[in-house]
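Contents: one structure, followed by commentary.
The values are calculated or read from the model by the stated rules, or taken from the named source; none is laboratory data. These numbers were taken from a predicted model, which means no experiment stands behind them. Glycine gets a Cβ as well: all are built from the backbone with ideal geometry, and neighbour counts include every protein chain shown.
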Amino acid sequence: MNSGQLLLSLRAASVRFGAVTALQPLDLQLHRGERLALVGANGSGKTTLLRLLDGVLPASSGQRIAHAMAGPAAATGDPGRMPVSTLLFQRPFLLHLSARRNVALGLWLRGVPAAQRRARCDEALRRVGLHAQAQRPARTLSGGQQQRLALARAWALAPDILCLDEPTASLDPSAKREVEGLIDDFGRDGVVLVLSTHNLGQAKRLCQRVLYLEAGRALVDLPTPGFFAPTASHAAAAFLKGELPWD
């Protein structure tokens, strides 16, 4: 059982689009420091679950519950602040602005005072190795640099939960390693990582826990070593045999 602070819960949460049920009722908890991989075939519900966890998509039934984060003031009765969540897409949405202004816009939208925005932009761009490109138009950066910029924009917001939807799917091996390294750094800082991926090696490298989805149902939720055991007999075994060369 995870001993970190509980940040987010789903209770019998489902998502429907009209007559189509994209995600069947699901119970899930996320604790500080967790790293959860979402795996499954296309259309299994991974992206829908990520959007539900981030809060950009409401539950059609059930509940998404963000838990107040207890801190030093908890002893005085202050329930603490709510966890901050950000969502990173496979293809980052970048405006026709400089790299710095793309990061600053995210801070402005979150209500960060102007006096703090420049310093936080600089710190975030340095964190991902893009400070020298701060004034370059974001859309002229390489694919790997654009994804690193999207990570900088997310990191600048000081998230507690980072949801990542196929963050390296379109990158070359070198850029993929760089982005994976940054994601790993986020996790080492205690940020909850929820990673949707078709790259099962990436799931093994970055995550401690794996949730397998099929046709909108969460069928398996196991620690990573147990999920990928060659003798696994759980519901994802056939999927794994099709994806990984066990023999």
Specify which of the listed residues (VAL112, VAL103) is among the β-branched types (Val, Ile, Thr), out of contact with any strand residue (DSSP E or B) (no Cβ under 8 Å at 6 or more places or on another chain) and buried (at least 19 other Cβ atoms within 10 Å of the Cβ). VAL103
I need every pair where a residue in the range 96-119 that is touching a residue at least 12 places away in the same chain (Cβ under 8 Å) has its Cβ under 9 Å from the Cβ of a residue that is outside any strand (DSSP E or B) and among the acidic types (Asp, Glu), sequence separation at least 6 or different chains. ARG100/ASP122
Restrict the check to the range 80-97 and report whether at least one residue is assigned to a helix (DSSP H, G or I), more than 17 Å from the chain's Cα centre (by Cα) and of a type in the set (A, V, I, L, M). no
Return yes when LEU97 is under 30 Å from ALA169 (Cβ atoms), modelled with pLDDT of 90 or more, in contact with a Pro (Cβ under 8 Å, 6 or more places away or on another chain) and aliphatic (A, V, I, L, M) and no when it is not. yes
Conditions (1) surrounded by 13 or more Cβ atoms within 10 Å (Cβ to Cβ); (2) modelled with pLDDT of 90 or more; number of the one not met by PRO92: (2)
Inside the range 12-56, the number of residues satisfying the requirement of being under 24 Å from GLY80 (Cβ atoms), charged (D, E, K, R) and either in contact with a Pro (Cβ under 9 Å, 6 or more places away or on another chain) or not in a strand (DSSP E or B) (or both) is 3
Give all pairs with beta carbons closer than 6 Å in which a residue from the range 17-31 that is more than 14 Å from PRO58 (Cα to Cα) meets a residue that is outside any strand (DSSP E or B) and not hydrophobic (A, V, I, L, M, F, W, C); count only pairs at least 6 apart in sequence or on separate chains. HIS31/ASN2; HIS31/GLY4
